[in-house]
Amino acid sequence: MQALPVEQARRDILQAVTPIDCPRKVALRTALGGVLAEDILSTIDVPSSDNSAMDGFAVTAVDLPDSGTTALRVIGTSLAGTPFTGPVSPGEAVRIMTGAVIPAGCDAVIMQEQAEYEGERLRIGSGHRTGQNIRRAGEDLSRGQVALAKGHRMQPADLGLLASLGIAEVRIQRPLRVAFFSTGDELRSVGEPLQSGQVYDSNRYTLLGMLSRLGADIIDMGVVPDQPAAIREAFVRAAAAADVVITSGGVSVGEADYVKQELDEVGKISFWKIAMKPGRPLAFGCIGSTAFFGLPGNPVAVMVTFYQFVQPALRSMSGETQVTHPQFRVPCESPLKKRTGRTEFQRGILDRDEQGQWRVRKTGAQGSGVLSSMSSANCFIVLPPESTQVTPGDLVLVEPFYGLV
Ligand code: AMP
Ligand code: MG
């Protein structure tokens with residue numbers, strides 16, 4: 001079987017999944033992490049009126065001297081929340097605070113540090129220009145403009161932005177329901193005693209963590225033994241309860257038989273060999289209307305395949321429109337070796353050198369079962385299929401975990 005390039009597998013998966021369309025109205029306070037189900041249009045100008053960006057004095061432009069100084073009379077005060085209501089004529093100025101409305105007739109604000117003043121008397125010098133230190137009405141958002149687009153995942157700034165529009169409720173898509181279980185006769189759950197040859201099931205915990213970050217409703221179905229009837233029963237139960245079913249283990253050649261055989265009975269599944277390391281085998285398909293991902297068993301492979309394939313798919317299913325991961329190039333300090341023809345996701349530590357330049361080095365052992373290589377990393381070093389090796393100083397592509405959500 002020809003190995004499938006990573007990009008193609010991701011494209012095929014993204015094309016096959018369908019976004020849910022199940023909007024519900026929630027209070028703005030609880031919308032963080034939710035995916036907007038509608039465009040949010042600004043109902044007002046933000047800011048609603050021209051206001052001062054500084055503490056100082058509002059003046060008319062005709063009074064700004066080209067050279068020398070001008071004396072003006074201070075006729076009142078404009079505070080944030082308590083505007084000065086009268087008109088201002090040439091020769092006059094208004095004491096003004098940051099955020100206060102610019103009085104009618106004024107078209108510049110002189111910073112208080114640049115003025116001499118005592119009581120009603122104000123003296124200003126040259127070098128000022130019309131419009132300075134004024135924040136214009138609508139400069140943040142103007143009425144009718146799309147403030148946030150449908151498919152945007154709500155960030156902290158967005159809560160503030162919608163609050164600045166006076167919006168108290170938003171329509172977001174409901175969370176995805178994701179069921180997962182691990183397969184393997186050797187697996188024990190945390191809390192159970194471990195016999196020789198057995199391992200604790202860690203994949204359900206990394207999956208729990210990665211899915212929690214996406215705000216999914218999680219159904220943890222535990223460990224399922226390598227038995228056809230048990231596996232089939234788990235698939236049917238999971239598919240009935242969830243939008244997505246994720247399993248780990250049992251998809252490598254030779255071992256895949258039960259999973260494959262049972263999945264063929266209950267759904268439509270393809271088994272892929274992907275040109276990548278770690279994480280070569282991957283099963284993808286559906287059980288009825290439920291999407292299915294069969295991840296490999298090795299703990300690092302689970303995380304890599306989740307981030308590269310499952311996470312973008314889940315984000316797309318959640319209604320999110322922008323699902324690509326940020327990547328950039330930095331010099332690599334470690335020598336790296338790899339085989340051509342496959343994409344490798346090595347685990348890296350991104351930091352800055354003494355000059356403040358970003359750089360990356362690999363974490364220790366890179367085996368696909370070495371979960372500590374993920375724990376001590378803060379990024380993937382993504383090595384493309386054509387590359388064979390990296391010598392220290394070469395630029396490499398990194399994908400920060402921070403940007404993976
Ligand atoms: P498999 O893909 O089932 O052949 O598993 C590959 C390797 O990953 C084996 O060493 C398994 O013991 C290990 N493994 C499988 N599932 C898990 C799991 N849930 N937690 C930790 N290790 C696992
Ligand atoms: Mg197994």
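Taken together, the values in this text are just the output of simple stated rules run on the coordinates, not laboratory data. None of these values were measured; they are calculated from a predicted model. FYI the Cβ positions are ideal-geometry reconstructions off the backbone, even for glycines, and counts take in every protein chain you see.
Each residue in 207, 32 was given a count of other beta-carbon atoms within 10 angstrom of its own, and listing them fewest first yields 32, 207. Near residue 274, the amide H atoms lying under 5 Å from its own belong to 4, 282; only residues 5 or more places off or on other chains count, and H is placed 1.01 Å from N. Think of the chain as a dipole: +1 on every Lys or Arg Cβ, -1 on every Asp or Glu Cβ, centred on the Cα centre; then among 86, 147, 99, 147 lies furthest on the positive end.
Each Lys and Arg contributes +1 and each Asp and Glu -1, all at the Cβ; summed about the Cα centre of region 279-405, the dipole is approximately 300 debye. Note that region 274-287 has calculated 3J(HN,Hα) couplings of 9, 6, 8, 8, x, x, 4, x, 8, 10, 9, x, 9, 10 Hz, one per residue in order, obtained from phi through the Karplus relation 6.51 cos²θ - 1.76 cosθ + 1.60 (θ = phi - 60°); glycine and proline are x.
Note on region 218-258 and region 145-202: Cα centroid distance 20 Å, given to the nearest whole angstrom.
Pick from 389, 145, 112 the residue whose mean-square fluctuation is largest in a GNM of the chain, springs joining Cα atoms under 10 Å. Evaluated over the chain, the most mobile residue of the options is 112. Sequence-ordered 3J(HN,Hα) estimates for region 150-165 from the Karplus curve with 6.51, -1.76 and 1.60 and θ = phi - 60° stand at 3, x, 8, 8, 5, 9, x, 4, 5, 4, x, 4, 5, 4, 5, 9 Hz, glycine and proline given as x. To the nearest 10 degrees, how steep is helix 6-16 against the longest Cα principal axis of the chain, on a 0 to 90 scale? Once rounded, one gets 80 degrees. Using the Cα gyration tensor of region 342-405, with a ≥ b ≥ c the square roots of its eigenvalues, what is the shape: rounded (a/c below 1.5), prolate (a/b larger than b/c) or oblate (neither)? Since a/c reaches 1.5 but b/c is at least a/b, the shape of region 342-405 is classed as oblate.
Can you sort 45, 353, 63 from fewest to most other Cβ atoms within 10 Å of each residue's own Cβ? Kindly include the intermediate steps, with their values, before the conclusion.
Numbers: 45 18, 353 10, 63 22.
Arranged by neighbour count, lowest to highest, 45, 353, 63 become 353, 45, 63.
Taking the charge dipole of region 1-55 about its Cα centre, with +1 at Lys and Arg Cβ atoms and -1 at Asp and Glu Cβ atoms, the residue from 28, 52, 16 reaching farthest to the positive side is 16.
Between the helical axis of 203-213 and the longest alpha-carbon principal axis of the chain there is an angle of about 20 degrees. Using Cβ point charges alone (K and R +1, D and E -1), the dipole size of region 1-103 about the Cα centre works out to roughly 420 debye. Against the chain, whose longest principal axis is taken from its Cα atoms, helix 257-266 shows a tilt of about 70°.
What is the chain's relative contact order, in percent, from Cα pairs under 8 angstrom and six or more apart in sequence?
16 percent
Measuring between their Cα centroids, region 307-376 and region 1-43 lie 23 Å from each other. Charging the Cβ of each Asp and Glu at -1 and of each Lys and Arg at +1, and nothing else, the dipole of the chain about its Cα centre rounds to 700 debye. Residues 88, 405, 146, 302 in ascending order of nearby Cβ atoms (within 10 Å, fewest first): 146, 405, 88, 302.
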